[in-house]
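The structure appears below as structure tokens.
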Amino acid sequence: MDAEAGIVFLRLAGSCDGCPSSTVTVKLAIEKAISETAPEIVKVEVEGMVEPAGPVDAGGRKMLPLSGVPQGKLTIPVQQEPLAASAPAWVEVGGLSGLAPGKVTAAKVSGVHTVVCNVGGDLYAYRDKCPSCGSGLTRGELTGQTLQCPRCGHGYDVRIAGRGTTTPSDHLDPFPLLSDDGHIRVAATAAAR
């Protein structure tokens, strides 16, 4: 991270680089932290993503892409309106710290049915809906990092943003998840209901 003349420059690395939920994480966590800590910052530039094209939300703002292209930069102006009015809030979800590796559980976040998976000690949250058949996934089997739908049998790679292993064009809807000091918070968007 670097900063100059009211602009913060970020480069996503590791599992965040190219993850469909990384742009949401930037909007909900990083942008908010920067605006609270350094109100003089007017925009955030994220390397490794491209400007979203086309769709806008109900407020007329461009929607962030579900997947980044590893080229160019995405510039996100820091919002002058309160973030709570423009983005879903992080919701603390109890009972997830005891979820054992290889297990799946259901949670409800801001009224959205969510499935949470523990893969090797790392938690992942997704909308609880199979994109292939529409059924819930909380009774699905988690083998390694693949969550299998209990109804249609389609598999989804939990570590790679829920990408379909049976049908690669299918993917789960990922939700950002933060885990710090034993507190687990998830942000689910209203559009995912």
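In a DSSP loop and with at most 10 other Cβ atoms within 10 Å, there are no trypsin sites (Lys or Arg not before Pro) in the stretch 99-153. Surface composition of the stretch 98-193: carbon plus sulfur atoms contribute 44% of the solvent-accessible area (1.4 Å probe, protein chains only, all chains present).
Applying the Karplus relation 6.51 cos²θ - 1.76 cosθ + 1.60 with θ = phi - 60° to the stretch 100-110 yields 3J(HN,Hα) values of 6, x, x, 10, 10, 9, 9, 8, 10, 10, 6 Hz, where x marks Gly and Pro. Volume per residue for the stretch 89-193 equals 86 cubic angstrom (convex hull of Cα atoms). Available extension along the chain between H183 and T167 is 2.3 nm, counting 0.36 nm per residue and deducting the alpha carbon span.
The values are calculated or read from the model by the stated rules, or taken from the named source; none is laboratory data. None of the values given here were measured: they were computed from a predicted structure. Positions of Cβ are generated from backbone atoms using ideal geometry, with glycine treated the same way; all protein chains shown enter the neighbour counts. SASA here: full protein model, heavy atoms, side chains in, ligands and nucleic acids out. Shrake-Rupley method; radii C 1.70, N 1.55, O 1.52, S 1.80 Å.
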